[in-house]
1. Please report the antiparallel percentage of DSSP beta bridges with both residues in the chain, rounded to the nearest 5.
2. In the chain, with Lys and Arg counted as +1 and Asp and Glu as -1 at Cβ, which of these residues, Asn63, Val30, Leu138, has the Cα nearest the positive end of the dipole, that is, farthest along it?
3. If you rank Thr244, Thr110, Thr104 by fewest surrounding Cβ atoms within 10 Å, what's the result?
4. Assuming 0.36 nm per residue, please report the length gained on full extension of the stretch Ala321 to Lys397 beyond their Cα-Cα distance.
5. Could you go through the range 351-368 in sequence order and give the Karplus-derived ³J(HN,Hα) for each residue, using 6.51 cos²θ - 1.76 cosθ + 1.60 with θ = phi - 60°, rounded to whole Hz, and x for Gly and Pro?
6. Quick one: dipole size for the range 128-277, taken about the Cα centre, charges +1 on Lys/Arg Cβ and -1 on Asp/Glu Cβ, in debye to the nearest 20.
7. Could you grab the relative contact order for the range 186-283? Cα pairs under 8 Å, six or more apart, rounded to a whole percent.
8. When only C-alpha pairs under 8 Å and at least 6 residues apart count, what is the relative contact order of the range 238-283, in percent?
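Every read-out reported here was derived from the displayed coordinates using simple, explicitly stated rules and does not represent laboratory data. Just so it is clear, the model here is predicted, and its values are computed rather than measured. In this analysis, Cβ positions are derived from the backbone assuming ideal geometry, glycine residues included, and neighbour counts consider all displayed protein chains.
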Amino acid sequence: MLSRRHLLLGSGCALAAATLRARADSAPDVTVLHATSAGFNGAAPGPVIRVRRGDEVYARLVNDLDEPTSLHWYGVRLPNPIDGGAPLAGPPVAPGASFDYRFTVPDAGTFWYRAALHGQQERGLYGALIVAEPVSPLVDQDRLLMFGERRSSRDGAREFTLNGAAALDIAVRANERLRLRFINASTTQMNARIENHRVVVMAIDGEPAEPFASRDGRILLAPGNRADVFVDASLAPGSIAPITFMQNSGAPPAARLVYGEAPARRAPLGEPAPLPANPLPVGMDFSRALRVALPIEGRNAAALAGMPLFSAARGRTVVMALDNRDTGAHAVHLHGHHFRLLDRLDDGWKPYWLDTVVAEGRQVARIAFVADNPGRWLIEQRAIDGPAAGVNWFEVKSMRR
């Protein structure tokens with residue numbers, strides 16, 4: 001006969017086993033990313049990672065390169081140690097080693113990841129991170145269009161791609177609504193136009209915007225920028241609508257909306273409602289704002305400065321003037337935060353959030369954000385269609401002001 005002690009021991013083991021099974025069932029799937037000379041897992045772009053807002057991302061970076069690397073989660077407001085902004089935020093991963101990135105995503109939207117060292121992004125080491133809203137908006141198709149670049153195997157000429165291909169057809173039906181998620185993973189501006197369709201911009205850099213129709217169906221994105229647009233398929237069955245790209249160098253990709261014969265519904269849907277808001281600041285206290293300037297000079301790479309550009313107490317508003325003293329435009333990317341682009345004459349702002357902005361040549365652009373994510377964060381800048389031009393950093397102290 002079993003003793004009471006044996007029964008209790010058996011019950012405890014069964015309970016422990018059930019707990020372990022429950023934890024295993026609830027644990028997120030790990031996405032293994034092998035960094036190779038041909039991209040992540042031998043492809044460019046790498047795997048698309050899909051989660052919902054509030055879920056955990058679990059990605060294991062395995063470095064199969066002959067040099068260190070790290071992953072930067074572009075536009076994600078995550079904890080500083082796993083931002084991937086090496087060497088400032090998170091250590092580089094040595095050749096042959098691996099590192100697990102685990103974090104909860106606070107925002108729904110379109111984001112991406114890239115290798116952050118030694119120009120590795122340009123070698124195809126990038127991929128998309130798609131974070132779904134708690135309740136998905138009414139669309140018939142949700143499509144990713146990741147704009148990248150590669151060098152021709154024939155003559156080394158620059159070529160641009162969509163989702164890694166030189167051409168892409170999207171099958172649609174009349175009166176469908178498409179959500180197109182554009183990501184510019186190249187080092188130049190992406191200048192696209194969806195011909196003969198009304199294009200409604202719903203989100204920029206992953207964050208919902210007040211919906212507005214783009215002029216002439218155009219989507220213009222600096223390196224790193226994203227845009228979510230809604231497009232209602234309004235042409236007749238059997239039609240073909242090009243998505244054109246105008247690039248200064250290299251062959252542009254070819255994309256088309258190809259209509260089938262049967263419509264999706266009798267009539268198009270009405271005006272789209274705004275996407276649900278993410279937990280970003282509703283307002284900013286400009287009366288006590290820390291006001292700083294970031295000088296942008298030249299097109300040569302600069303070493304990471306020993307001292308931060310500024311330090312801010314957690315929760316303080318920061319207004320930064322991007323003083324571009326170069327003749328060419330530069331893209332500026334802020335790690336760990338989203339910001340508002342301010343009007344030139346006052347502190348009013350544009351009706352959308354950004355994590356990357358273009359500072360035009362010989363111009364000053366002003367941005368504002370709440371420094372609410374503790375840690376040491378990179379400010380990257382690069383000449384449009386050119387090499388990295390410099391890097392600075394700022395510190396958000398953990399104590400509140």
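1. Looking only at bridges with both residues in the chain, the antiparallel portion is about 70 percent.
2. Comparing the listed Cα positions along the dipole, Val30 ranks first.
3. With the sparsest Cβ surroundings first, the list reads Thr104, Thr244, Thr110.
4. 25.3 nm
5. Couplings: x, 7, 9, 9, 10, 9, 9, 9, 9, 5, x, 6, 10, 10, 10, 10, 10, 9 Hz.
6. 320
7. 31
8. 32
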